[in-house]
1. Got a sec? Charge dipole of the chain, +1 on Cβ for Lys and Arg, -1 for Asp and Glu; which of LEU266, ILE407, TYR374 is way out at the positive end?
2. What number, in percent, do you get for the relative contact order of the chain if the mean sequence gap of Cα pairs under 8 Å and at least 6 apart is divided by its residue count?
3. Rounded to the nearest 10 degrees, what's the angle between the helix 169-187 long axis and the longest principal axis of the chain, both from Cα atoms, 0 to 90?
4. Using only the alpha carbons of the chain, determine the length spanned along each of the three principal axes and report them from longest to shortest in whole angstroms.
5. Among the aspartates and glutamates, select those whose C-alpha is under 18 Å from the C-alpha of LYS171, and discard any that sit fewer than 8 residues away in the same chain.
6. With Cβ to Cβ distances under 12 Å as the rule, what net charge do the other residues near TYR329 carry (K, R +1; D, E -1)?
7. Tell me which of VAL436, SER252, TYR300 sits at the most positive position along the dipole axis of the chain, charges placed on C-beta atoms (Lys, Arg +1; Asp, Glu -1).
8. Is there a quick way to get the dipole size of the stretch 364-470? I mean about its Cα centre, with the Cβ of Lys and Arg at +1 and of Asp and Glu at -1; what is the value in debye to the nearest 20?
Amino acid sequence: MEAGGPRRRLVHLDLKGAPPRASYLAEVLPLLRSLGATGLLLEYEDTFPYAGPLEPLRAPHAYSPGEVRAVLSQARAQGLEVVPLVQTFGHMEFVLKHKEFAHLREVEVFPNALNPHKEESRALVKAMIDQVMAQHEDLKWFHIGCDEVYYLGEGEESKQWLQQQDNTPEKLCLSHIKAVASCVASSYPTITPIVWDDMLRGISEETLAESGVPQLVQPMIWDYAADLDVEGKVHLIEKYRRCGFSKVWFASAFKGATGVNQSLTLIGHHLKNHLQWLEVASSSPADVLEGIALTGWQRYDHFSVLCELLPVAIPSLAVCLQALKNGGYSEKIKENVEKLLGMSNLETDTFMSTSLGTFPGSNILTLVTQVSFYLKSSVDELLERNRYVTGWFSPYHRKRKIIHPIIMHHFQPDAVSLLSKWNAVVQDLQAAMEQVFHKCTVEEWMEENVHPSLQKLQQVVDDLDKAIKAQQ
């Protein structure tokens with residue numbers, strides 16, 4: 001532990017949504033290092049360049065093998081340790097949604113969880129792990145996921161298995177984790193598997209101890225709440241120690257944990273989460289903590305919408321890393337973060353209404369902030385609270401192209417100028433985003449966050465033009 005904080009601090013890059021271009025990652029890695037990161041937890045999901053029978057898993061915008069190598073060598077050059085993460089049980093939508101692998105689902109109609117009874121399921125997981133391992137050198141840890149295995153025990157084979165004496169869903173879960181971890185141990189004896197801990201939390205000490213899992217993996221205890229229960233976590237760590245786990249990891253969050261479609265990051269929430277984790281660390285034996293991963297979720301699952309983009313959350317990540325590195329947060333640390341990010345007005349307790357900085361992608365933060373704060377509200381103000389629009393250009397008028405020539409002058413100029421103002425902002429944002437993200441990400445973000453309001457405004461301006469022409 002240094003200055004009261006965990007000495008290993010991994011920044012989680014959740015690449016299952018809005019994966020940044022390799023060129024942007026190259027710009028960001030030195031900043032992460034200077035902020036206090038010691039490594040990366042890389043969750044590739046469908047952006048890994050899977051090949052051979054696994055090629056269907058590869059998204060159209062997946063990184064090429066060359067890009068993966070470049071990012072890994074840049075991480076090495078910055079002294080950042082890499083821990084890859086491959087889901088091997090739950091959250092397997094990116095695999096099980098494909099017809100080639102659908103027969104390996106736990107429940108036939110749900111693509112989230114893998115059937116743990118099939119030999120072919122283990123072969124699939126091994127093939128995925130092997131391909132990812134082959135791209136990485138000098139690994140010490142490999143994260144095998146295993147969180148939120150919903151509907152486990154509800155597949156046909158599981159139901160039959162559970163009818164046998166002494167079989168329980170907990171034992172089913174542990175046997176699959178053990179199979180995957182044993183597979184890693186036998187092929188890669190120097191690498192320790194890490195698992196998310198949520199499936200283990202409720203299992204009795206006796207069952208955990210007897211399963212043999214504690215000797216094979218290190219649990220990563222995750223909690224992203226601002227008011228996490230420190231005492232409860234300390235007890236959980238003690239329980240894991242008694243079961244035979246030699247070390248544990250913590251997992252906090254710097255973004256992607258406060259709303260499934262959140263577009264701006266409230267730094268204060270995430271800072272509090274990290275300060276709570278520091279309390280857990282200081283209340284636990286010094287030799288039990290291997291490190292902490294600062295998670296930055298980009299989607300809640302493979303099919304959900306995007307939450308905050310990475311550049312938008314860099315100030316939050318900076319504050320959280322610095323708090324962990326220094327064992328707390330103070331005015332002096334805040335000033336240091338502002339200096340490192342080129343920002344002058346870091347707000348933690350409210351959303352920053354204007355955000356200017358010089359860090360990579362800061363222009364995206366500035367423009368996303370503008371859109372999130374003012375686009376919808378300005379359009380709603382005009383269309384729903386302007387009495388000339390609601391009174392003289394209602395849907396009834398618009399449909400029939402009826403407009404009072406005098407009234408028109410009261411709001412047409414406002415509508416046209418608002419539209420051209422937002423079109424300019426959106427054009428700038430699009431250009432800024434295309435530097436950092438692939439087109440599909442830009443398209444998705446725009447359709448979710450910009451189009452609903454902008455199209456409404458455009459439609460009113462178009463309808464006005466049609467109504468005016470109909471009068472002539």
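The values are calculated or read from the model by the stated rules, or taken from the named source; none is laboratory data. Quick caveat: nothing in here was measured; it's all calculated off a predicted structure. Methodologically, a virtual Cβ is constructed for each residue, glycine included, from the backbone with ideal geometry; neighbour enumeration extends over all protein chains shown. Note: areas computed on protein heavy atoms with side chains; ligands, DNA, RNA excluded. Shrake-Rupley method; radii C 1.70, N 1.55, O 1.52, S 1.80 Å.
1. ILE407
2. 16
3. 80
4. In descending order, the Cα extents are 84, 56, 43 Å.
5. Within the straight-line cut-off, LYS171 pairs with GLU106, GLU119, ASP147, GLU148, GLU154, GLU156, GLU157, ASP197, ASP198, GLU205, GLU206, GLU210.
6. Result for the neighbourhood of TYR329: +2.
7. Looking along the dipole axis, the top candidate is VAL436.
8. Computed about the Cα centre, the dipole is about 640 debye.
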